[in-house]
Amino acid sequence: MNPTSALSSLQNSNPLLAILWAGFTCGTLDISAALVVYRYFGRPPMRLLQGIAAGVLGSRSFQGGLPTALLGLFCHFFIAFSAATVYLTASRWRDCSLKSNVEG
């Protein structure tokens, strides 16, 4: 496959599918690494997730139990999917910007 056809196939790919895969992969790897480190230092995993939820709820998230831990997990994946969306949008904008500069 030459570079032109590779670029063409990337531009014709489904952006929603790319965002879903990237967000899920990024979020899963990141939270897994954080949980491994937390476990290594003897901290409970729920505390990590509640700490993420503290960005929304403040310090009261540590008294919320499982619901606030799940909110933290949701927030974590929301950030991962948002980052994937921004990255995809920026990469497509950059590609279009480069093409117009080269062609025009």
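Readers should treat all values here as calculations from the given coordinates under stated rules, not as data from a laboratory. Fair warning: this is a prediction, and the values are worked out from it, not measured in the lab.
Miscellaneous remarks
- Contact order relative to length of the stretch 40-90, as percent, for alpha carbon pairs under 8 angstrom and 6 or more apart: 34
- Computed lengthening from D30 to V86, 0.36 nm per intervening residue step minus Cα-Cα distance: 18.4 nm
- Fully extending the segment from F41 to A18 would add 4.8 nm, taking 0.36 nm per residue of separation and subtracting the current Cα-Cα distance.
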